[in-house]
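What follows is a set of notes on a single structure, which appears directly below.
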Amino acid sequence: MKLAIASLLVGSAAAYAPSSFSGSALKATSNGATTSMTTGMGVNGFGRIGRLVTRIIMDDEDCDLNAINAGSATPDYMAYQYKYDTIHGIAKGTVETDGDFLVLNGRKVQTSRCRDPKEVGWGALNADYVCESTGVFLTKEKAQSILDGGAKKVIYSAPAKDDSLTVVMGVNNEAYDGSEDFISCASCTTNGLAPMVKAINDEFEIEEALMTTVHAMTATQAVVDSSSRKDWRGGRAASGNIIPSSTGAAKAVTKVIPELQGKLTGMAFRVPTIDVSVVDLTCRLAKSTTYEEICATIKAKSEGDIKGVLGYCDEPLVSTDFESDSRSSIFDADAGIMLNPNFVKLVAWYDNEWGYSCRVVDLMKHVAAVDAKVSA
């Protein structure tokens, strides 16, 4: 049975004249979660991640999209944003508008704009599981308004700003037991790092490690030199600089792999590319090994229980070769180096937009599936 997805936006509804959009694009792939029941879901926000999550849902045979939420954007502009993407190409299928509806592949999808998510009326729309992708409602206190509107669970497409449960698919799926109302999918970098870290730690035991992510530009950065009192370097032009930055992604890994607390931290360099990032993990191992054995371990994991989340690459590829890759973390066998049997540098690529958005959808489906088992 298909998964029903209802996604609502933030604001008041209005009618607009119909317009027509059509096109085709790369096939989306979502891995690691399935459900056989009809479950209503919602997406609160239609920004960079919200739009890609919508594309992935529309190309998922287990999902039905009932509504989309898109800030203050009109349906015509939503259709334009949905159809055209500089990195991920033209959306698959037809994209049209009909008054306050998007019509995606012939299916009418309701849009609305409510500043307070409670006013959306998630329950009445059969939107039990809501993806929060505005970046605003990332604490239990703030996201409670979504539950007050009738939703059952909220899944953040960003790191939580409180003690909400964090789940990284392929790493700690079992942490969700149905009792939590608010679940974070962590960050794109945590998803890009954690699967590789788990594979290494399980087999060789990480004693200590430092992570650096070489991260593509994001919408939070300035196009030209601007102002940032909080981060002076962060206010400089993203398109013309390599910018050192802080990141909580490595420490966030310890939320999903608790035995690494105090053993792992990291930093970031923001670079002038618009998608695909790469993590460099330099670690000391308790168990002596060879680089070939490490590669074999990760390759086996990538073909086993976390296939589709952890990937393995032994070709001489560059960042653009991983655009629209649905995997969370793609280990680059040719890029790593080893100093001695206990000290090694490992490298993994990740599409910080598409791969992460695939995991958000997987987490929504996983939460729904666990809840169905609990209530059965």
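The values are calculated or read from the model by the stated rules, or taken from the named source; none is laboratory data. Since we're looking at a predicted model, the values are computed, not measured. What goes into the accessible areas is simple: the full protein's heavy atoms, side chains included, and nothing from ligands, DNA or RNA. Shrake-Rupley method; radii C 1.70, N 1.55, O 1.52, S 1.80 Å.
Shown for segment 307-364 is the translational diffusion coefficient from the Stokes-Einstein equation, using the Kirkwood radius over Cα pairs, a temperature of 4 °C and a viscosity of 1.567 mPa s: 105 µm²/s.
Note that the chain presents 42 Å² accessible area per residue, ligands and nucleic acids not counted, probe 1.4 Å. Of all DSSP beta bridges confined to the chain, the antiparallel ones make up roughly 55%. Could you work out what % of the accessible surface of the chain is carbon and sulfur, using a 1.4 angstrom probe and leaving DNA, RNA and ligands out of the count? The C+S portion of the solvent-accessible surface of the chain is 52 percent.
With 31 Å as the limit, the listed pairs LYS255/LYS345; LYS108/LYS161; LYS118/LYS263; LYS255/LYS287; LYS251/LYS307 have LYS108/LYS161; LYS118/LYS263 beyond it between alpha carbons.
The three principal axes of the C-alpha atoms in segment 166-223 carry coordinate ranges of 42, 35, 15 Å, sorted with the longest axis first. Put the Cα centre of segment 296-355 next to the Cα centre of segment 122-149 and the gap is 34 Å.
Rounded to whole Å, the principal axis extents of the Cα atoms in segment 226-361 read 47, 32, 29, largest first.
Sorted largest first, the principal axis extents computed over the alpha-carbon atoms of the chain equal 66, 54, 39 Å. Converting the Cα gyration tensor eigenvalues of segment 92-158 into ellipsoid dimensions via √(5λ) gives semi-axes, longest first, of 25, 13, 11 Å. Within the chain, the selection of entire DSSP H helices by a Cα span of 18 Å or greater along the long axis and an average Kyte-Doolittle value of at least 0.0 returns 188-204, 354-375.
The shape of segment 218-282 comes out prolate: with a ≥ b ≥ c from the C-alpha gyration tensor, a/c is at least 1.5 and a/b beats b/c.
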